[in-house]
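Here is the structure we will look at, set down as structure tokens.
No value in this document is a laboratory result; all are computed from the given coordinates. What you see is a predicted model, and the numbers here were worked out from it, not measured in a lab.
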Amino acid sequence: MVLTANRRPQLVSPAMIHSHAVDLALLLFRVVVGIVFLAHGIRHIFGGGKIAGTGRWFESLGVRPGIVHAWFASVTEVGAGAMLVGGFLMPLAGAGVIGTMLVAWITNHLKNGFWVFHRPDEGYEYVMTLTFAGLMLGTVGGGQWSLDNAIWGADLVGGKGLLISAVAGGGGAALLLLTSWRPTKA
């Protein structure tokens, strides 16, 4: 039972409580993943060696031309991060996460094993987790407390959201790897 605005008690169903718990969990999860992605993209643009350094690093991984892909990845991370924070076009936001993390996983992290601490910041457990977080958020949407719900009254969830995020993210990563990744032979 809860008190309404006019101070009258109102029964709250377990389904309403469950719904709010799920919406709160989705809000927290997508905001945290979104902030991580925003920060990562901003760091590539403005941190350390700035975007030029990120481009040189991409070149060293065999992703060419490095500066073009540095901009593309960084803008995708910032855009997808902002979309996740707001809960806007969640399948496309998920696709941005999936695509950038799959490229990072394959070009840099896969060869170093599972654990991040095996070789600091180089194992694939982190990028794998973010890849599947993007897939999950693209599939289930942003919840009731999202821009998608405020604008359209519903999320694009379920099979359609899964298909959009997986095909756009995975397809984008595959296209980039096939056309632009030329790793040097050891």
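For the chain, what does -39500 (n - 2.57) per DSSP helix run (n ≥ 4), summed and divided by total residues, give at 222 nm, in deg cm²/dmol to the nearest 500?
-22500 deg cm²/dmol
Skipping prolines and chain starts, which residues have an amide H placed within reach, meaning under 5 Å, of the one on GLY87, given they are 5 or more residues away or on another chain?
Amide H neighbours of GLY87, under 5 Å, 5+ apart: LEU147.
For P(r) over Cα pairs in 5 Å bins from 0, in percent, the listed values are [x] 1, 7, 13, 15, 14, 13, 11, 11, 7, 5, 2, 1, 0, 0, 0; [y] 1, 9, 14, 18, 18, 13, 9, 7, 4, 3, 2, 2, 1, 0, 0; [z] 1, 8, 17, 22, 22, 16, 8, 3, 2, 1, 0, 0, 0; which was obtained by calculation from the structure presented?
Read-out from the structure maps to [y].
Would you work out if the range 111-186 is rounded, prolate or oblate? Take a ≥ b ≥ c from the square roots of the eigenvalues of the alpha-carbon gyration tensor; rounded if a/c is under 1.5, else prolate when a/b is larger than b/c, oblate otherwise.
oblate
Hey, can you grab everything whose amide H is under 5 Å from the amide H of VAL63? Only 5+ residues off in sequence or another chain; H modelled, so Pro and N-termini drop out.
Amide H neighbours of VAL63: ARG182.
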